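What follows is a short report on a single structure.
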Amino acid sequence: MIDRGLRPLKSYALGPATSALAPRLARWGAMPVTALGLGVGLAAAVAGAAGAFGPALWLWWGNRLLDGLDGEVARRLGRADDRGGYVDLIADLVVYALVPIGAAVGATAPWSLHGATPDPWTWPAAAALLGAYYVNLGSHAYLAALLEKRGRGAAMRPDVTSFAMPGGLVEGFETIVLVSLMLAVPALLPWWFGLAAVLVAVTAGQRVWWTVRTLAREAM
């Protein structure tokens, strides 16, 4: 919802790290940062599955930091391209799926360090969230393809990402907050899953409504 407005602040905050890293990555580009971020995100999922929610939260924040840093490094090097944007997106999708799954495992598995009595609603709520992710991804990806087909893609808009997309209720910043709540207060995990599922579903609905209205207007 507020990602576009936060981008200048993100670039400013990551400026010192970008300046330090870019010369060292001139040969390889930003891909090593993306790979490291994916590794840290997978570690967050594993820590969550073990019920170590504190370390999982720190690893999740580390993943999000590296996710912001790779794009800044690529732009500083003049090597921001579709390949990097695509790999970065796939890495994000992997982490977005596995960290909540890891949290659900950690909250319910007998080996978990969490130690609390499992809530029977944890997995149904997790399934609802993953279903909402699935629908939102479909609305997201197909709309991006339609925008490119009509010459209204990223190249025609002031976006720094590899593809254009109208804003929605849940974007990157809101995802950081929601997953942080899941890991910080796992006793309420089914509630966080349910809240996130509703908000993500609303976001998908926003994009469907925007697309239907836009295509109907263009057909007149």
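The values are calculated or read from the model by the stated rules, or taken from the named source; none is laboratory data. Everything numeric in this text was worked out from a predicted model, so none of it was measured. Cβ placement follows ideal geometry from the backbone for every residue including glycine, while neighbour counts extend to all protein chains displayed. These area figures cover heavy atoms from the full protein model, side chains too; ligands, DNA and RNA do not enter into them. Shrake-Rupley method; radii C 1.70, N 1.55, O 1.52, S 1.80 Å.
Go ahead and run the numbers for FRET between Leu9 and Arg213, Cβ-Cβ distance against an R0 of 22 Å, rounding to 0.05. Mind showing how you got there, number by number?
On the way: r = 31 Å, r/R0 = 1.41.
E between Leu9 and Arg213, to the nearest 0.05, is 0.10.
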Between Val94 and Ala187, what FRET efficiency comes out of the Förster formula 1/(1 + (r/R0)^6) with R0 = 30 Å and r the beta carbon distance, rounded to 0.05?
0.65
Which of [x] 13.7; [y] 12.4; [z] 17.7 gives mean projected area of the Cα convex hull in nm² as computed here? It is [y]
Note down the accessible area of Arg213, probe 1.4 Å, to the nearest 10 Å².
110
Expressed as a rounded percentage, what relative contact order does the chain have, with Cα pairs under 8 Å and six or more residues apart?
24
Leaving out ligands, DNA and RNA, and with a 1.4 Å probe, what % of the accessible surface on segment 169-220 is carbon or sulfur?
78
Please give the per residue accessible area of the chain, computed with a probe of 1.4 Å over protein heavy atoms only, in Å².
53
